[in-house]
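As structure tokens, the structure follows; a few thoughts come after it.
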Amino acid sequence: MSYHRSRNTLCAVFSLCAIFSRCAAVAAAQEPRLAAPLDAGWRFSQAADLSGVEAPGFDDARWTRVELPHTWNRIGNEGSERSPLSNNFQGIGWYRLHFKAPRAAAGSRYFLQFDAVGAVADVWLNGRYLGKHAGAFSRFRFDASSSIKTSGDNVLVVRADNSRPQPGASTQDVIPLSGDFFVFGGIYRRVSLIVARPVHVDLMDFGGPGLYARAADIGAAGASVQFSGRIANDSKDPRRITVEFAVEDAAGGSVASTLLKTTAAPGSSAMQARLHVDHPRLWEGTKSPYLYRSVMTIRSATGAILDRVTQPLGFRSVRFDADHGLFLNGEHLFLKGVSMHQDRPVKGWAISDADQRQDFDLLQDLGGNAVRLAHYQHDQYSYDLADARGIVAWAEIPLVNKVSFDGSAANAGLTANARQQLIELVRQNYNHPAIVVWSLGNEVDLTATQIKGPSRPGVLLRSLNELAKREDPSRATTLADCCEIGVPQHGASQAAPPDLREPIVGLADTVGYNRYFGWYTGQFADFGVMLDEAHARHPGLPISISEYGAGAALTQHSDDAEGGPINPHGRPHPEEYQNWYHERSWAMLEPRQYLWGVFIWNLFDFSSDSRQEGDLTDINEKGLVSYDRQTRKDAYYFYRANWSVQPTLHLVGRRYVDRAYAVTDVKAYSNATQARLFLNGNEIGLAPCAGGMCSWRSVRLSEGANELSATAQINGAAISDSLHWSLAHSGAVVNIKAGDIGGYVSKHGERFGSDSYFTGGTAHGVNPPDTAPPDRLTVLADDARLYDSYREGEFSYRIPLPNGRYRVQLKFAEPTATAPSERVFDVTANDAIALREFDIFKTAGGKLKAVNQSFDAGVDNGTLVLAFKPRRGSALVSALAITPLAPR
């Protein structure tokens, strides 16, 4: 019976019992160890000023009834304001539970197991203090044998504290000190009461299973398995026992075993054994994730089973090469990975097994073969799923952003907590073959980089690396870097002086780079340059990309993702920009064979109360899938087309229904070699597909409803997709908001699309991204929003229009000049001068004052070309409005 989960048959029956003590008597007769779920019947109060709560007689009748898993926090909603339903309180919550102990043999030992409590837990049983656990993510246990009532009523009290870390707070030495994710409070994973015989597999080994097995010397003919088992004898006298270590195949058949006789002295002791397995089946990732089981059984001198523990076992070897990446069982395997947080809307961290299965279903549908379980230890079931489905896993501790509040080295308290959480992570997950790296932390010098201050994480990281290697010499270590000295980073315009920040890359066996070129900093082309320079700088260091991504709002869209600057910390975040970001980033990453893997940030949107971005509040919307898992964004299908063998054909832009322009490019993501497009039943044409993309240029929509459909053939099977767009105006009307990525509807109801049809120039806003409200500039105009962006430089617009005569109105506002003649330029329409030596400042009568200029132009070849040619300074335009003239 697997004690740390309640999914086996006995525990499933057990959980159905209203009064579990009667059920437990049946189970106890069959199994030496009992795991009784304590999930129902709790009472909860969110309050910090209570006293006497730990006393059994405390009156909790007016407290809220809750069941586990539970969190008091609720964070993340649609819209630009925090919902009144939100609860981002960080502090103390109290839990109380009355329960009866299951019937058990005399002398049995009782242990309370908490799968996780956020973030610091103090526990009392029947008024006696059992202890404290600091850390929001790992399993912990308390020996309750001396405090439990084997008959009658027991009162369990838990004080959960998720106070925001700051000097003087109860969490000041508990990692994480910071992070772009919300730390939910409460008993958000399961609680159980474990009943064991006095001699048992050790339950007090940092929450670990007490049995640790590792496959080695793996070959086609055979392999060895090294066992280490911890035995606890909680009686006063030595006990003669027999310990059996065994390997079972997936069907439960024994393939190797050994019996060891020993005398277990009071206390805890360890035993080792080595077994040989003939012709082992390999754990081969998604290709064939075959799992054996390691088993440790303790028997008494008379042969009675005292305890039995089963753990997953996989035969696989992993090797990292700085030039060629990762090798699984001697075969190269490029890790196509995603990162995942563990929260959901309303539920927060209090998720179910079904939720976790859905997450892994989506990961596999995407075509991913790896997961970074960020930035902390996840529920055990997630690691079980990774094992069973062949998903290679990156496991890490929550050492995030900084190691102190003042930039100094970590103090003794925080160091001890980080080491504790690392030991818990390794021991609780040692037996999972899916895990290939232990991560020591994430972006530990980000805060210092942002404020250009000091960072001294080196001593702590070296200590953690040595600890990880001592706990598990068989696995590599890694860390995720944001801000390597001298290398472009995200979140800061320039690095702190090198003498203020200690270098960290190279302190672990491998490294992952978190880089957001084209989002937080730099250009897409910088990505490849940075990686090649890093590879040259660290020629012996295996490199991965541990984060890259961009936000995407489901209700915000762009006609051209290149049309305007993106504000990564604000709004809007058009979905089309995320598409473009991933198309360009993957083109930089895919050819670099020295990378051992990439991990998209993130598979799912997740909560972060520092975010007010896109069309959401308190949510980081970089996910390929929405927070509620109901909507797969377009970029999801880009990777599905590139990573998955499943037939994929997805027309892009289905949520951008009300289109701004009659003539637009149409794109599909597909792993077909070619695809055919139809518009309103008429064939547009056959397009080749390369890099997962198929494109049709300059497709003209009809006024009103438009149905687009695409078809393709993959391996002889037909696939198709369709979507609906609408155009609310004539194709002879074109309104463009220059320099703007999202478009705008004017005060007079005119629809301006985002900047499109341009060549050259640079997009700007009158106010750069992240300008504070007191510093924001406003254009003096009837509708100032029309003038708050612009295209600047030497540039032109090639605007598709039906042949005819048009009125062209250009909108201007001078953003920077302080006197006439600083900016002078011409505008031509189809090579004819329309505006000569135009001076915005002079014409408008000053800076930040709106002015419009109109002229007529003819179109006889389907295109109106407007060219902006500087004479002094740069040319500029804020908006263009083109309407047909009535026939004379």
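The values are calculated or read from the model by the stated rules, or taken from the named source; none is laboratory data. The shown structure was predicted, so the numbers you read here are calculated from the model rather than taken from an experiment. All Cβ positions, even for glycine, are placed from backbone atoms using ideal geometry, and neighbour counts span all protein chains on display. Side chains included, ligands, DNA and RNA excluded: accessible areas come from the protein's heavy atoms. Shrake-Rupley method; radii C 1.70, N 1.55, O 1.52, S 1.80 Å.
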In degrees from 0 to 90, rounded to the nearest 10, what is the angle of the helix 353-366 Cα long axis to the longest principal axis of the chain?
50
Sorted by accessible area (1.4 Å probe), largest first, how do 302, 510, 415, 778 line up?
302, 778, 415, 510
Rounded to the nearest Å, the spacing of the alpha-carbon centers of the stretch 500-522 and the stretch 798-867 is 45
Based on Cβ point charges of +1 for Lys and Arg and -1 for Asp and Glu, what charge dipole magnitude is obtained for the stretch 305-439 about its Cα centre, in debye rounded to the nearest 20?
180
Expressed as a whole percentage, what fraction of the accessible surface of the stretch 638-709 belongs to carbon and sulfur atoms when a 1.4 Å probe is rolled over the protein heavy atoms?
47
Rounded to the nearest 500, what is the chain's calculated 222 nm mean residue ellipticity when only DSSP H runs of at least 4 contribute -39500 (n - 2.57) each, over all residues?
-4500 deg cm²/dmol
Where the centre of each part is set by its Cα atoms, how far does the stretch 688-727 sit from the stretch 592-633, in angstrom?
26
Rounded to the nearest percent, how much of the accessible area of the stretch 106-217 (1.4 Å probe, protein heavy atoms only) is carbon and sulfur?
46
Rounded to the nearest 20 debye, what is the charge dipole size of the chain about its Cα centre when +1 sits on each Lys and Arg Cβ and -1 on each Asp and Glu Cβ?
1880
Extending each Cα 7 Å along its Cβ direction at residue 288 and residue 541, get the distance between those two points in nm, one decimal.
3.7
What ³J(HN,Hα) values, in whole Hz, does the Karplus curve 6.51 cos²θ - 1.76 cosθ + 1.60 give for the stretch 502-517 when θ = phi - 60°, with x put for Gly and Pro?
6, x, 10, 5, x, 6, 10, 5, 9, 9, x, 9, 8, 9, 10, 5
For the chain, find the longest principal axis of its Cα atoms and tell me its angle to the long axis of helix 412-429, 0 to 90°, nearest 10.
80
The answer for the chain, accessible area per residue at 1.4 Å probe in Å², is 37
Could you work out how far helix 380-389 tilts from the main Cα principal axis of the chain, as a 0 to 90 degree angle to the nearest 10?
70
Over the heavy atoms of residue 644, what accessible area does a 1.4 Å probe trace out, to the nearest 10 Å²?
20
Of the options 129, 118, 302, report the single residue whose Cα projects farthest towards the positive end of the charge dipole of the chain (beta-carbon charges: Lys, Arg +1; Asp, Glu -1).
302
Which residues make up the longest stretch of the chain clear of GluC sites (Glu not before Pro) that lie in a DSSP loop with no more than 12 other Cβ atoms within 10 Å, not counting the sites?
82-888
Quick check: from the Cα gyration tensor, does the stretch 187-326 come out rounded (a/c under 1.5), prolate or oblate?
prolate
Among 77, 383, 204 - extreme Cα towards positive end, dipole of the chain, charges at beta-carbon:
204
How are the alpha carbon pair distances in the chain distributed across 10 Å bins from zero to the largest one, expressed in percent?
2, 11, 19, 21, 18, 13, 8, 5, 2, 1, 0, 0
In whole angstrom, note down how far apart the Cα centers of the stretch 38-113 and the stretch 239-263 are.
40
Toy charge model, Lys and Arg Cβ at +1, Asp and Glu Cβ at -1: the stretch 213-323 dipole around Cα centroid in debye, rounded to 20, equals 340
What list of ³J(HN,Hα) couplings, whole Hz, do you get for the stretch 327-341 from phi and the Karplus terms 6.51, -1.76, 1.60, once you set θ to phi - 60° and write x for glycine and proline?
10, 9, 6, x, 10, 5, 9, 7, 7, 9, x, 10, 9, 9, 8
Hey, if you put +1 on the Cβ of every Lys and Arg and -1 on every Asp and Glu Cβ in the chain, which of 878, 857, 669 ends up farthest toward the positive end of that dipole?
669
